[in-house]
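The values are calculated or read from the model by the stated rules, or taken from the named source; none is laboratory data. Small disclaimer: the values here were computed from a predicted structure and weren't measured. Here Cβ is always computed from backbone atoms with ideal geometry, including for glycine, and neighbour counts include all displayed protein chains. Accessible surface areas use protein heavy atoms only, side chains included; no ligands, DNA or RNA. Shrake-Rupley method; radii C 1.70, N 1.55, O 1.52, S 1.80 Å.
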Amino acid sequence: MKQIIIIGGGAAGFFCASNLDEKKYTITILEQNSDVLQKVKISGGGRCNVTHACFDPRELVQFYPRGNKELLSVFTKFQPGDTMEWFEQRNVPLKIENDNRTFPESNSSQTIINTFLNETQKKNVTVQTKCTVKEIEKQDEKYIVKTNSGDFEADYIVYTTGSSPKSLKIVENLGHKIVDLVPSLFTFNIKDELLKDLPGTSFENAGISIPKLKTEESGPLLITHWGLSGPAVLKISAWEAISLAKLKYNFETEVNFISIEMDEAEEVFHNFKQSNPKKTIGQSKIFDITNRFWQKILEISKVDLNKQVANISGKEMQKILENLCRKKFQVTGKSTFKDEFVTAGGVDLKEINFKNMSSKLLPNFYIAGEVLNIDAVTGGFNFQACWSEGWLIAQDLNSL
């Protein structure tokens, strides 16, 4: 029987193994850590954000800053609906949340991990942990995989290692071009009087822009101990990952906390002023923000909280609205977003055949997952790329 060696026991590797025809192949997964599926375990705060309920491939690819063109054909063959069906056939019901993120009904990533372990056990897949690949050599029609646990011989290699520099070096030595790695999906480090003492304050929909890069995003925003986070920040960090690395994470950002334009906000303020002249400005709920944040805005705008709304001058109003709608911050670094560390960069996509995820340079060699120069915004998209790519590889190998 022909030997398939899957290098990397993560999402793409296990999904591929779970869909292979065990009657045709002997299948081995090599994983350097002591546990497999570590990212699956911590994803979605331990609930595992399996996929995203976006069933149109053309819409789906819009969530991938890198890889969107290439993934279109991949998603036409296997998309989130197929993922959901795959799990449901294995008695793992999934649920779609309000923001379309999709989780197991059990709310536990262990359910997903157990499904993969059961599937691979049924197929007699050998899983070898604490097995670090040092080198892969091409020998005639076969590959020799050299590891700290001895050498393995393979007819086919499925390379799903994730994006560690060491694993990229191994494929680079085999002739593949590597696009430099830079972090994607990160939060902004900002020291500013407005954000001080307000960690945990959130905004349902805020606008954020980076004027220097002429780019903007909107979505939920969160104040943290070190600055700003939340989907709006993560989206802009993913799309601008390469530009922000070039700026060494030092740049100016502008935030609109209420997501309405200055002139519209001014009108809202005027109307409130007319209907509530006797209220104190500190107790006024003019915009949809928390009281603490509103009072901090007044404080940095140097407006007396006890002043009646009727007595707020035009100049004071302008200052308040500037801080609400056009607040500029200096970003002085980044922080990793939880444990869901994602990188842009990896194996150059021009060297991959996206019909079956095979290498254009190496025969019988497939590459999938984060080792490729593909990444997505947060919300289950990175996993969906892994499932779809792993599925395509399995279908191709099953058809040989």
query: Roughly how many nanometres apart are two label points built 7 Å out from the Cα toward the Cβ at SER275 and PHE55?
result: 4.2
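Using a 1.4 Å probe, what is the accessible area per residue for region 1-64, in Å²? The partial results should precede the final answer.
Working: 2390 Å² over 64 residues.
Accessible surface, normalised per residue, equals 37 Å².
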Angle in degrees between helix 109-122 and the longest Cα principal axis of the chain, rounded to the nearest 10: 10
- request: With everything on Cα atoms, drop me the angle between helix 291-300 and the longest principal axis of the chain, reported from 0 to 90° to the nearest 10.
  value: 70
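Just order 281-292, 148-159, 379-390 by mean Cβ neighbour count inside 10 Å, highest at the front, would you?
Numbers: 281-292: 16.1, 148-159: 18.5, 379-390: 26.8.
Going from most to least packed, we get 379-390, 148-159, 281-292.
Ignoring ligands, DNA and RNA, what accessible area per residue does region 336-396 give at 1.4 Å, in Å²?
Working: 1780 Å² over 61 residues.
On a per-residue basis, region 336-396 sits at 29 Å².
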statement: Volume per residue (Å³) of the convex hull spanned by the alpha carbons of region 18-163 is 146
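In cubic angstrom, how much convex hull volume per residue do the alpha carbon atoms of the chain span? Spell out each step's value before the answer.
Details: hull volume 57.6 nm³, N = 400.
In the chain, the Cα hull volume divided by residue count equals 144 Å³.
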task: Can you send over the carbon and sulfur percentage of the accessible area for region 302-379, probe radius 1.4 Å, protein chains only?
output: 48
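Whenever you get a sec, compute what percent of the accessible area on region 36-142 sits on carbon and sulfur atoms (1.4 Å probe).
Details: 2450 of 5520 Å².
Carbon and sulfur: 44 percent of the exposed surface of region 36-142.
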At q = 0.14, 0.18 Å⁻¹, base-10 log of I(q)/I(0) for region 189-319 (Debye sum, equal scatterers on each alpha carbon): -0.69, -1.03
DSSP bridge orientation in the chain - percent antiparallel, rounded to nearest 5: 75
query: For region 1-58, which semi-axes, largest first and in whole Å, follow from the square roots of 5 times the eigenvalues of its Cα gyration tensor?
result: 25, 18, 8
- line: Ordering ARG326, ARG90 by the accessible surface of their heavy atoms, 1.4 Å probe, largest first, yields ARG326, ARG90
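Need one number: the % of Cα-Cα pairs in region 117-243 sitting beyond the 27 Å mark. Walk me through the intermediate numbers first.
Values: 3934 of 8001 pairs.
Considering region 117-243, 49 percent of its Cα-Cα pairs are separated by more than 27 Å.
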message: Can you give me the angle between helix 314-325 and the longest principal axis of the chain, using Cα atoms only, in degrees from 0 to 90, rounded to the nearest 10?
response: 10
